[in-house]
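Student: Quick one: structure below, then a few questions.
The values are calculated or read from the model by the stated rules, or taken from the named source; none is laboratory data. These numbers come from a predicted model, not from an experiment. Note that each Cβ is placed from the backbone with ideal geometry, even for glycine, and that neighbours are counted across all protein chains shown.
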Amino acid sequence: MKGLGALSAVEAAKQARQGEIRAVDLVEAALERIDALNGRLRAFMTIDEAGARQTAKRLDALPAEQRGSLHGLPIAFKDLIATAGVRTTYGSLVYADNIPTESHPFVARALKAGAVMIGKTTTPEFGYGALCQNRLAGPTANPYDNTRTSGGSSGGSAVAVCTGMAAIAHGTDFGGSCRMPASLSGVVGLRPTAGMVANPAKPLLWDDLNVHGMLARNVEDIALLLAVVSGGDLGDPTSLRAGNFAMPDFRPEPMSSLRIAARLDLGMAPIDREVRPVLESAVVKINGLYGHLEETGPDFTGAMDAFMQLRGCILYRTLGHLLASDREKLTPSVVWNIERGANVLADDYLKAEQQRSRIWCSVADFFREYDVFLCATTSIAAFPNAQSDVLLIDGKPMASIVDYMAPTATMSLLGLPALSIPCGWTKSGLPIGLQIVGRPFEEDTLLRFAFTLQQNLGFAHRWPSLS
């Protein structure tokens, strides 16, 4: 990969602010990549070519003192977030022609900082599905093996940044929808602390499971976008204690006195035999860099049961009305997910909350002793797009079609900030991500630690071999 599209977002925005390159050139470089690759990879639902060019021209006319921190950067938004004047389908036939009149605050903040919307990326319907496809578009192909999945549900965004079709990208993360595609598609993906990025558009305003996150090719670019979109909004009560994230002072030297622990399988998640050696090798390398790493972790027993109960109730309450009005337009996966919450009793819901509380106490005790926790992002490498669900791992049957998400869903249940960073490759040449988890609202520590791994151990994005 050469040219403007190969620049990091941090470097590209810096040069554009200083007038060394133009926003229109950054946009044209992204559009050229989209034209060359999207027909094969299917990362986008909608490409806003005319709008991007118009915005870039307007940005180039701004004086230097009015140029924002994302000036000129082509950004891709997952098609689960409202974008004023640009089609927003949620990956569903129900909203195939939906054009919002207002943008979500995440979008508004990014565009105000000078980003240029290049398009809307592919997602499973409403973000629920193992494959990044829906009845309008997809499946999004993995850049390293086009027969395989990019991951659900922010796979379109992951592929867009992996291949240079966008500099940075938005994603959503409920059970792992930023982190899993990041792992399977060889990029960096962040699920921020619940509430760190305000989401006043939620139908259930105290919902802390479904958050907005981001994907990029490196750690610094994640931090750049987080610094723009973070912060509270009175419309989202879960965000009111969130401050604005500040760009860290990234240094390659290992962080002194950092207390690190790892338990790759969380004590309960199966890991595929092709994936485990990659993760184990990564932990050995980290131990070599830092000189101390303990193999321990919180007690996560019952996390998936609690997550499934809470998730099912949220889906039924927010999307259940579609079973009566538009059932024939919904994919079987979405119907299955919604119906999971149809008959949950109040006592069962509260038992799930009680279980979450017990696990949180174990996590709180753990983080009194340690600063970061390492585990798998995904239990598997990218599987074929012809395979609709993950039902087996190493021959072991999964209890449901979402059980393979255990490493990421567990962190979602607890609202913890979690980052997936590329840490190695399988023998068949597929990327694998390591999940790094920290204390709530300590994204600074999380990102600075990940940066040391990126710089010293080569835990980094590699450009795929695409003609």
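Student: Name the residue that is nearest to the chain's Cα centre (by Cα), counting only residues in segment 39-75 that are part of a loop (DSSP other than H, G, I, E, B) and of a type in the set (D, E, K, R).
Tutor: That would be Arg42.
Student: Now a separate question. Do you know which of the residues in segment 139-153 that are of a type outside the set (Phe, Trp, Tyr) and part of a loop (DSSP other than H, G, I, E, B) is nearest to Ala386 (Cα to Cα)?
Tutor: Once the filter is applied, the top-ranked residue is Pro139.
Student: Look at segment 282-301 and say how many of its residues are at pLDDT 95 or above, over 24 Å from the mean Cα position of the chain (by Cα) and not charged (D, E, K, R).
Tutor: 9
Student: Here is a further query. What are the residue pairs meeting all of these: first residue in segment 72-90, first residue touching a residue at least 60 places away in the same chain (Cβ under 8 Å), second residue among the basic types (Lys, Arg), Cβ atoms under 6 Å, and 6 or more apart or on different chains?
Tutor: Cβ pairs passing all conditions: Phe77/Lys120; Asp79/Lys120.
Student: All but one of (1) at pLDDT 95 or above; (2) part of a loop (DSSP other than H, G, I, E, B); (3) over 20 Å from Val211 (Cβ atoms) hold for Phe245; which doesn't?
Tutor: The one condition Phe245 does not meet is (3).
Student: Still on this structure: Among the numbered criteria (1) modelled with pLDDT of 95 or more; (2) surrounded by fewer than 17 Cβ atoms within 10 Å (Cβ to Cβ), which single criterion is violated by Tyr370?
Tutor: (2)
Student: Then there's this: I'm told Gly152 meets every condition in (1) modelled with pLDDT under 95; (2) farther than 21 Å from Leu392 by Cβ; (3) not basic (Lys, Arg) except one. Can you identify the failing condition by its number?
Tutor: Only one criterion is unmet by Gly152, namely (2).
Student: For Pro200, work out the one condition from (1) closer than 22 Å to Val402 by Cα; (2) in contact with a Gly (Cβ under 6 Å, 6 or more places away or on another chain) it doesn't fulfil.
Tutor: (1) is the only condition that Pro200 fails.
Student: Among the residues in segment 396-405, are any modelled with pLDDT under 95, of a type in the set (A, V, I, L, M) and touching a Phe, Trp or Tyr at 6+ places or on another chain (Cβ under 8 Å)?
Tutor: Yes.
Student: Next question, about the same structure. Tally the residues that are without any contact (Cβ under 8 Å) to a residue 60 or more places away in the chain and not in a helix (DSSP H, G or I), restricting the search to segment 154-184.
Tutor: Counting residues in segment 154-184 that are without any contact (Cβ under 8 Å) to a residue 60 or more places away in the chain and not in a helix (DSSP H, G or I) gives 1.
Student: Determine whether segment 306-314 contains at least one residue that is modelled with pLDDT of 95 or more, surrounded by fewer than 16 Cβ atoms within 10 Å (Cβ to Cβ) and not small (Gly, Ala, Ser).
Tutor: no
Student: Look at Ser333 and say whether it is at pLDDT below 95, over 16 Å from the mean Cα position of the chain (by Cα) and either closer than 21 Å to Val159 by Cβ or crowded, with 21+ Cβ neighbours inside 10 Å (or both).
Tutor: yes
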